[in-house]
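Heads up: the structure comes next, in structure tokens.
The values are calculated or read from the model by the stated rules, or taken from the named source; none is laboratory data. Quantities reported herein were computed from a predicted structural model and do not represent experimental measurements. Note that each Cβ is placed from the backbone with ideal geometry, even for glycine, and that neighbours are counted across all protein chains shown.
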Amino acid sequence: MGIAAIHISKTFGGVAALDDVTVEVGSGRLTALLGPSGGGKSTLLRIVGGLEEPDAGSVVIDGIAATGIPAQRRNVGFVFQHYAAFKHLSVYRNIAFGLEVRKRPKAEIKQRVTELLELVHLEKFADRMPSQLSGGQRQRMALARALAVEPSVLLLDEPFGALDTKVRKELRDWLRRLHDEVHVTTIFVTHDQDEALEVADELAVINNGRVEQVGSPDALYDHPANDFVMGFLGPVTRLGPRLIRPHDIDVFAARTSDAVEAKVTRLQRVGFEVRAELRASDTEPWVQLTRGQAESLALRPGDTVWLRPARDAATLAAS
Amino acid sequence: MTLAPAVARRGAGFRRGAGQSDGRVPLRTAAGLGLGAAVLWLSLLVLLPLAAVVVKATGNGWSGFWDALTSREALSALRLTVFSSIGVAALNAIIGTLIAWVLVRDSFRGKRVVEVVIDIPFALPTIVAGLVLLTLYGPHSPLGVNWYATTRGVILALLFVTLPFVVRTVQPVLIGLDRDVEEAAASLGASRFTTFRRIILPAILPAIAGGAALAFARAMGEYGSVVLISGGLQFKTEISSMYVYSQIENDELAAAAATATALLVISLVVIGLLDIVQRWAARHG
Amino acid sequence: MVSQIAPAATTDRSTPIDLGEAPTQPPRRPRRTGTYVLRGIAIGYVGVLVLVPLGVVLWRTIQQGLGTFWDTVSDPTVVHAIVLTGVVAGIAVLLNVVFGIGMALLLARYRFPGRRLLNILIDLPLAVSPIVVGLALILVYGQEGGWLGGLGVQIIYSIPGMVLATVFVSLPLVVRALVPVLEEEGLDQELAARSLGANARQCFRRITLPTIKWALAYGVVLSLARAIGEFGAVKVVSGNVIGQTQTVTLLVDERAEQFEPGAYQASILLIAVTVICIVGVSLIHPPEGRS
């Protein structure tokens, strides 16, 4: 079951936002749509949720064709970047909204809302107004609100984009744990690769309206299909004719077989790590070392060293 | 922007973040002189004259004021005026919101024409409006109706001049509404009507109330557009502004001032209430 | 709010779901009937209330023929009324611009006790019936018994009174057009200009005025339309002496009530002015939106 978006195309004002995109999400999985801003991921999400209609293609949710069914009847939970809180309703009424609209009995609503308030740790805020909540609290409320109607699918559109970095990290962990508890099929959109790598079971990288690669975070990070995916998911540098991750380069103080000679031009300490910029014959690679590694090599600007890709390093031919 | 109440946007204020300066500075001498000039100007033009009305009305003491206000003719005119104004404000609240909705959410050929036409009653000289309405709905009407000297005619005239008020106060609010809140409601299963009732309506209610209050105040004092079609029948189609005018013509200035004061007070109370409602709504929205 | 054709690199795993029955091209959703109903009500209401009556007046005027029109327009009484209206409106708008800019600056740039009161005072004219305006001015400036009546200058039943009445009713228009613009823009630029050494006058001329240029034009057009169209207050205050203190609006009133010709023709003139003003305002709007 799960969700499938098949051969979706959508054009806005002459520009193709999505071009024959197919993405599938297994039931109960947490999938991230990752890509740069304007790449089409939000559009895809909104099409899955029924907030937009595709020009071509179809959407299937839990085995049922959903294309043409408006958002009201798709039973999807949607969480927006800027919370979309109902400002004139209390937190309790916000969460209860979907149930009230379905005319559920008051007792049932009260039980469910209380459950959800506990789930998102907002029990003490039930009677507050959204304006009295912090951004992170508002987004937790929005999640509770979306979950209240027991949707078959949860869709999150850059849910942490409007929050401070620290709150973002906290909520990221919290979302992961929530998903482990609740197991709703979830798709979330983000342009932050760290977020996607940390939270998702599976990633789909979308760029310029097309899917670049789909797979687990490890698969995409270690075996990127092309240089876009490689560059987007993590740091990349060029060693000779290949693209490689800076932390996958071994540095030797003495000449070694299959190693490229390079001169250290700059050393920069960033917290726990050391970033070394070098110049080789025709490229200017940089290497990421731990403090320990840098100290044991006693690196200094001007030193000559030899660089070699680590044994299992993933590399791509540079285009 | 349109011709009709840009004045309704008074609340706008300087948009800087909370805790930041609003850019205003205290008065220095030059500006202080300017303030003095402004105060003098407003006093001569507005304060003094309005005060004179109140003073004249109460010149014969409270009993004199009350007697003049509640004379048969004055009272009948006031009753007609107040009830018509309330009715017109209420009708405008509904139809004005509908028109604003269509202008903001719908698109069709000729929408711009509708936008311009809505502004006409606000810009048109009131006496011309009166003549226009008399021509269509009075004697010699091409439609075959004759609403001259009827309350129907009075109400029609008031509807004409108050058309833009609710539309123009609600329109900007509708335009500024965050669509994702409506999408959230839809994703939670709310029908279009439910979304309107539970989500949109609470958000535009202050604007509707504001527009209705402006329409009420305008209708209370309207003269030029009503005077022709009303015919001024005492106790039947004479509105308060016409009564005041006839008292001025008869040099009964105290009687005129009494009703004039009542008109002023009622309009000001309504506008004051509206201001309070809007502040309350702003704090909760 | 309401805004490279190459084969896709699709997923390389799992089988697609069989969708024999799912359409590949979703139907374009037709407008709901509700939309058409609402649209119909809105257009119908506005059309019947405003357009039809205007249309009838236009038709009547045409019916009465071009001859009547020329007779009206060349009638010296009418000409005098037009000139008088122009003079009164012109002076009123001028006064409103001068004081309006001053008061707008005060409200937008300075903090002082009573600022809220000033705000309320400026908006007050909107809530006052034009007849009451006339009465109020008579009580202060009337030569018999007015508070300031003994000044020796005839105000009531004469042009100064008409100017005062017209200024009263159009007072808020210029101020309200300027204040939002002054509040939102120009402050930073003024501070920058000051820091570069500009004095108050230079700052005003080079920075403030250009900033409010379009808002001012907008306010002037509004004010002018209002001033030309004022009726009730001027009727009370002018004494309506034909050929002397009769404006075009008063003329329309008199001709209509006395069943004399010319009411429609003069009205057409006023309608034309109104339409020009509305069109003018909508032309001013786009530059305002761009800044």
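Collect the residues in region B:234-247 that are buried (at least 22 other Cβ atoms within 10 Å of the Cβ) and either in a helix (DSSP H, G or I) or facing another protein chain (nearest Cβ under 10 Å) (or both), keeping them in residue-number order.
Listed by number, the residues that qualify are B:239, B:240, B:241, B:242, B:243, B:244, B:245, B:247.
Among the numbered criteria (1) touching a Gly at 6+ places or on another chain (Cβ under 8 Å); (2) at positive phi, which one does residue C:152 miss?
(1)
Could you tell me whether residue C:151 is more than 18 Å from residue C:124 (Cα to Cα) and either within 11 Å of another protein chain (Cβ to nearest Cβ) or at pLDDT 85 or above (or both)? Quick ask: steps written out before the conclusion?
Working: more than 18 Å from residue C:124 (Cα to Cα): yes; either within 11 Å of another protein chain (Cβ to nearest Cβ) or at pLDDT 85 or above (or both): no.
It is false that residue C:151 is more than 18 Å from residue C:124 (Cα to Cα) and either within 11 Å of another protein chain (Cβ to nearest Cβ) or at pLDDT 85 or above (or both).
Just to verify a result, which residue in region A:207-227, among those that are in contact with a strand residue (DSSP E or B) (Cβ under 6 Å, 6 or more places away or on another chain) and facing chain C (nearest Cβ under 10 Å), is farthest from residue A:57 (Cα to Cα)?
Applying the filter and picking the extreme gives A:225.
Taking the criterion of being in contact with a Lys or Arg (Cβ under 7 Å, 6 or more places away or on another chain) and at the interface with another protein chain (Cβ under 10 Å from one of its Cβ atoms), would at least one residue in region A:102-116 satisfy it? Quick ask: steps written out before the conclusion?
Kept after step one, since they are in contact with a Lys or Arg (Cβ under 7 Å, 6 or more places away or on another chain), are these residues of region A:102-116: none.
There is no residue in region A:102-116 that is in contact with a Lys or Arg (Cβ under 7 Å, 6 or more places away or on another chain) and at the interface with another protein chain (Cβ under 10 Å from one of its Cβ atoms).
So is residue A:68 over 22 Å from residue A:158 (Cβ atoms) and away from chain B (no Cβ under 13 Å) or not? Steps first, answer last, please.
Values: over 22 Å from residue A:158 (Cβ atoms): yes; away from chain B (no Cβ under 13 Å): yes.
Considered against the rule, which asks whether it is over 22 Å from residue A:158 (Cβ atoms) and away from chain B (no Cβ under 13 Å), residue A:68 comes out as yes.
I need a count of the residues in region A:89-107 that are loosely packed, with under 14 Cβ neighbours inside 10 Å and more than 19 Å from residue A:77 (Cα to Cα).
Of the residues in that region, 3 qualify.
Please go through region C:217-245 and pick out each residue that is crowded, with 24+ Cβ neighbours inside 10 Å and either in contact with a strand residue (DSSP E or B) (Cβ under 7 Å, 6 or more places away or on another chain) or outside any helix (DSSP H, G or I) (or both). Give the derivation first.
Restricting attention to region C:217-245, the residues satisfying the condition of being crowded, with 24+ Cβ neighbours inside 10 Å are C:218-219, C:222-223, C:225-237.
Scanning region C:217-245 gives C:230, C:231.
State all residues of region B:20-46 that are closer than 22 Å to residue C:134 by Cβ and either in the same structural domain as residue B:267 (by TED's automatic domain parsing) or surrounded by 16 or more Cβ atoms within 10 Å (Cβ to Cβ) (or both); if no residue qualifies, say none.
B:41, B:42, B:45, B:46
From the list C:67, C:47, C:34, which one is over 31 Å from the mean Cα position of the chain (by Cα), at pLDDT 75 or above and at the interface with another protein chain (Cβ under 9 Å from one of its Cβ atoms)?
Going through C:67, C:47, C:34 in turn, just one is over 31 Å from the mean Cα position of the chain (by Cα), at pLDDT 75 or above and at the interface with another protein chain (Cβ under 9 Å from one of its Cβ atoms): C:34.
Do the conditions hold for residue B:219, that is, is it of a type outside the set (D, E, K, R), at the interface with another protein chain (Cβ under 8 Å from one of its Cβ atoms) and assigned to a helix (DSSP H, G or I)? Write out each step before concluding.
Details: of a type outside the set (D, E, K, R): yes; at the interface with another protein chain (Cβ under 8 Å from one of its Cβ atoms): no; assigned to a helix (DSSP H, G or I): yes.
For residue B:219, the condition - of a type outside the set (D, E, K, R), at the interface with another protein chain (Cβ under 8 Å from one of its Cβ atoms) and assigned to a helix (DSSP H, G or I) - is not met.
Scan region C:220-244 residue by residue and report those that are farther than 25 Å from residue B:240 by Cβ and not small (Gly, Ala, Ser).
Going residue by residue through region C:220-244, those that are farther than 25 Å from residue B:240 by Cβ are C:220-225, C:228, C:241-244.
Within region C:220-244, C:220, C:221, C:222, C:224, C:228, C:241, C:242, C:244 meet the criteria.
So is residue A:61 closer than 27 Å to residue B:178 by Cβ, within 14 Å of chain B (Cβ to nearest Cβ) and at pLDDT 90 or above or not?
Numbers: closer than 27 Å to residue B:178 by Cβ: yes; within 14 Å of chain B (Cβ to nearest Cβ): yes; at pLDDT 90 or above: yes.
Against the criterion (closer than 27 Å to residue B:178 by Cβ, within 14 Å of chain B (Cβ to nearest Cβ) and at pLDDT 90 or above), residue A:61 qualifies.
Enumerate the helices (runs of 4 or more DSSP H) found wholly within region C:106-188, keeping only those where 2 or more residues are more than 27 Å from the chain's Cα centre (by Cα).
Values: elements: C:115-123, C:130-141, C:159-184.
Once the helices (runs of 4 or more DSSP H) in region C:106-188 are filtered for at least 2 residues that are more than 27 Å from the chain's Cα centre (by Cα), what remains is C:130-141.
Pick from region A:292-310 the residues that are assigned to a loop (DSSP other than H, G, I, E, B) and of a type in the set (D, E, K, R): which of them is surrounded by the fewest Cβ atoms within 10 Å (Cβ to Cβ)?
From region A:292-310, those assigned to a loop (DSSP other than H, G, I, E, B) are A:298-303, A:310; that's our starting set.
Now narrow it down to the ones that are of a type in the set (D, E, K, R): A:300, A:303.
Values: A:300: 9, A:303: 16.
The qualifying residue surrounded by the fewest Cβ atoms within 10 Å (Cβ to Cβ) is A:300.
If we scan region A:39-53, do we find a residue that is part of a loop (DSSP other than H, G, I, E, B), at pLDDT 90 or above, under 29 Å from residue A:163 (Cβ atoms) and among the charged types (D, E, K, R)?
No; the residues of region A:39-53 include none that is part of a loop (DSSP other than H, G, I, E, B), at pLDDT 90 or above, under 29 Å from residue A:163 (Cβ atoms) and among the charged types (D, E, K, R).
Would you be able to tell me the number of residues in region A:1-38 that are in contact with a strand residue (DSSP E or B) (Cβ under 9 Å, 6 or more places away or on another chain), polar (S, T, N, Q) and not in a strand (DSSP E or B)?
Step one: filter region A:1-38 for residues in contact with a strand residue (DSSP E or B) (Cβ under 9 Å, 6 or more places away or on another chain), giving A:1-11, A:16-36, A:38.
If we keep only those that are polar (S, T, N, Q) as well, we get A:9, A:11, A:22, A:27, A:31.
The next check asks that each one be not in a strand (DSSP E or B); those that pass are A:27.
Adding up the residues that qualify gives 1.
Could you go through region C:170-184 and let me know if any residue there is within 8 Å of chain B (Cβ to nearest Cβ), under 25 Å from residue B:245 (Cβ atoms), buried (at least 23 other Cβ atoms within 10 Å of the Cβ) and of a type in the set (A, V, I, L, M, F, W, C).
Within region C:170-184 (the criterion being within 8 Å of chain B (Cβ to nearest Cβ), under 25 Å from residue B:245 (Cβ atoms), buried (at least 23 other Cβ atoms within 10 Å of the Cβ) and of a type in the set (A, V, I, L, M, F, W, C)), the answer is yes, since at least one residue qualifies.
Just to be sure before I move on: is residue A:128 surrounded by 19 or more Cβ atoms within 10 Å (Cβ to Cβ) and over 25 Å from the mean Cα position of the chain (by Cα) in the structure I sent? Can you show your working first?
Numbers: surrounded by 19 or more Cβ atoms within 10 Å (Cβ to Cβ): no; over 25 Å from the mean Cα position of the chain (by Cα): yes.
So residue A:128 does not fit the description; no.
Taking helices (runs of 4 or more DSSP H) that fall entirely within region B:21-130, which contain at least 1 residues that are more than 12 Å from chain C (Cβ to nearest Cβ), under 18 Å from the mean Cα position of the chain (by Cα) and not charged (D, E, K, R)?
Values: elements: B:29-42, B:48-57, B:61-69, B:72-105, B:111-123.
Hits in region B:21-130: B:72-105.
What single numbered condition from (1) of a type in the set (A, V, I, L, M); (2) exposed (fewer than 13 other Cβ atoms within 10 Å of the Cβ); (3) touching a helix residue (DSSP H, G or I) at 6+ places or on another chain (Cβ under 8 Å) fails to hold for residue A:270?
All conditions pass for residue A:270, except number (3).
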